[in-house]
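First the structure, in the form of C-alpha cells, and then the observations on it.
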Amino acid sequence: MNLPLATVSKVLKFSCVDGPGNRLVLFLQGCNFACPTCHNPHTMKLCNDCGDCVPECPTGALTIVQGKVVHDPSICDQCDRCLDICPINANPKVTQYSVDDVLALLYQNKPFLNGITISGGEATTQLKFIIALFTAIKSDEKLKDLTCFIDSNGYLPEAAWKTVLPVTDGVMLDIKAFNNTLHSLLTTRQNERVLASAKLLFEAGKLHELRYLLIPDRTDSPEEIKELSSFVETLSTDLPLRLNAYQHHGVKGEALTWPTMKEPDVERIAAELQSAGLTNVVTPTVYI
Ligand code: SF4
Ligand code: SF4
C-alpha cells in the first residue's frame, strides 16, 4: 500500500508551546481558512508553480524544472524574499515527508520528547497523512509511548474527526469568534463546524485546550467574551482556555493597521472569565 506523503512547511524538533511537554512539531502547508491575522500567512496555500518567486531569489536557490519550482536548501540563505513576494501566500521551500521520514526523526530525538504535534497551516487538510503517521507511531514498540496531538482550526467535519480520533491523544482547537458574521470576516468561513468540533472533541475526551485570539475592537467585545464564557461553561468550567493576544508579528496586509492586544486588557478579560466561573484560563507570557 502507498502511504501518503505530507507537504511540510517547517519542522521543529523541540517545542514546549505546542502541547504538553517537549514535542516534535510538523507544520503542514495549506489551510482552509484565510485569516488576515495569521502570523504564518505563507503556510496558507499550496504552490501553483507560477514561477514569480524564482527570479527574485538572490542566491539562485529556486529553479524551474519541468514546470515545477524546485528549492535547493544547500544554497538558500533563508532570507524569505520568496515568501514575501508570493501572490497567493504559498511557500516554494516545502519538503515532502513520508511516514518513515517522520518516524526516523522521532527515533533520533525520542529521549527528549513527550510526543508529536501536527500543526499548520491547517493540519487536518492532510488528514490521510496524519492517520497513517499516528497509526504507525502507535504500533511501533519503541515510539508508542509518545503522545500524538493535532493543532486545528476545527473546520474538519464530524465524520472525518471520527477517522482520526482513535489514533489521536489530544487536540488544541482555535475558536476565532462566536458571532458568525465576525467569524466569516476573520476566517472566510462560518463557525458552526468549529463549535461542533469543540463539542465532539470534548465529549470524546480529546479536547486538550481551547484557544481564543483576542483582537481589539473585534473579538474582545463584551458580547463575544460572554459567548466565550457560556460556551466553555457548557463543556466544563475547568477546560483549559488559552487566551492569545493579537500582535503584528508575521502578519501581512490590512490587519497590520489593526491595533494589537495589550497585556492589561488581556488580564482584565481573563479576570472577567474567572469571575464567571472558568477555572483554567491561561494568558500569554510574552507580547510580541
Ligand atoms: S511559491 Fe508562490 S510565487 Fe513561488 S512559484 Fe509558488 S505560487 Fe508562485
Ligand atoms: S528564502 Fe527564498 S528567496 Fe531567500 S534564498 Fe531561500 S529560496 Fe531564495
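Since every read-out is calculated from the coordinates, none of them should be taken as a lab result. Here the structure is a predicted model, which is why all the values come from computation and not from measurement. For neighbour counting, all protein chains shown are included, and Cβ atoms are generated from backbone atoms with ideal geometry for every residue, glycine included.
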Cα centroid of the range 77-101 to Cα centroid of the range 1-20, whole Å: 14
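For an R0 of 45 angstrom, estimate the FRET efficiency from the Cβ-Cβ distance between GLU233 and LYS128 and round to the nearest 0.05.
E(calc), rounded to 0.05, equals 0.80.
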Distance violations [Cα-Cα > 18 Å] among LYS162/LYS199; LYS110/LYS142; LYS144/LYS199; LYS128/LYS162; LYS45/LYS68; LYS45/LYS176: LYS144/LYS199; LYS45/LYS176
Residues CYS76, CYS47, CYS82 arranged by fewest to most Cβ contacts within 10 Å: CYS76, CYS47, CYS82
Relative contact order (percent, whole number), the range 89-189, Cα cutoff 8 Å, 6+ residue spacing: 25
Ascending count of other beta-carbon atoms within 10 Å, so fewest first, for LEU156, LEU106: LEU106, LEU156
Fewest-first sequence of LYS45, LYS176 by Cβ atoms within 10 Å of each Cβ: LYS45, LYS176
Rounded to the nearest 20 debye, dipole of the chain from Cβ charges on Lys, Arg, Asp, Glu: 540
GNM flexibility winner over the chain from ASP84, ASP18, ASP151 (Cα, springs under 10 Å): ASP84
Top of SER119, SER236, SER275 by mean-square fluctuation, Gaussian network on the chain, Cα under 10 Å: SER275
Where GluC sites (Glu not before Pro) fall in DSSP loop in the range 89-198, at most 12 other Cβ within 10 Å: GLU141
Cα-based helix-to-principal-axis angle, 99-109 vs the chain, degrees rounded to 10: 70
